[in-house]
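The values are calculated or read from the model by the stated rules, or taken from the named source; none is laboratory data. Note that this is a predicted model, so its numbers are computed, not measured. Cβ coordinates were reconstructed from backbone atoms using ideal geometry, including for glycine residues, and neighbour counts include every protein chain displayed. The accessibility values were calculated without ligands, DNA or RNA, using every heavy atom of the protein model including side chains. Shrake-Rupley method; radii C 1.70, N 1.55, O 1.52, S 1.80 Å.
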Amino acid sequence: MSLVKLKPAIKNYIWGGTKLKKIYKDCDFDKIAEAWVLSFHDDGLSIIDSGLNKGKSLK
């Protein structure tokens, strides 16, 4: 069994800052409020970023 990489749901709410930007450098937002790394929530599903199911959500 291989590891599955996930693309987190990045949220850029008004209270966001730049500390998470150091981790998620490829994000399009200037400020990041939250990173939902493992999420089944409809407002921010984690997306599979590797393997056969790449591009599909966990849901």
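Before moving on, here are some points about what is shown:
- Qualifying residue in segment 37-50 (condition: touching a strand residue (DSSP E or B) at 6+ places or on another chain (Cβ under 8 Å), among the β-branched types (V, I, T) and open to solvent by less than 70 Å² (accessible area, probe 1.4 Å)): yes
- Among the residues making up segment 28-50, those that are part of a loop (DSSP other than H, G, I, E, B) and touching a residue at least 40 places away in the same chain (Cβ under 8 Å) are S46, D49, S50.
- Answer residue from segment 13-28, given it is of a type in the set (A, V, I, L, M, F, W, C) and open to solvent by 70 Å² or more (accessible area, probe 1.4 Å) and is nearest to L3 (Cα to Cα) among those: I23
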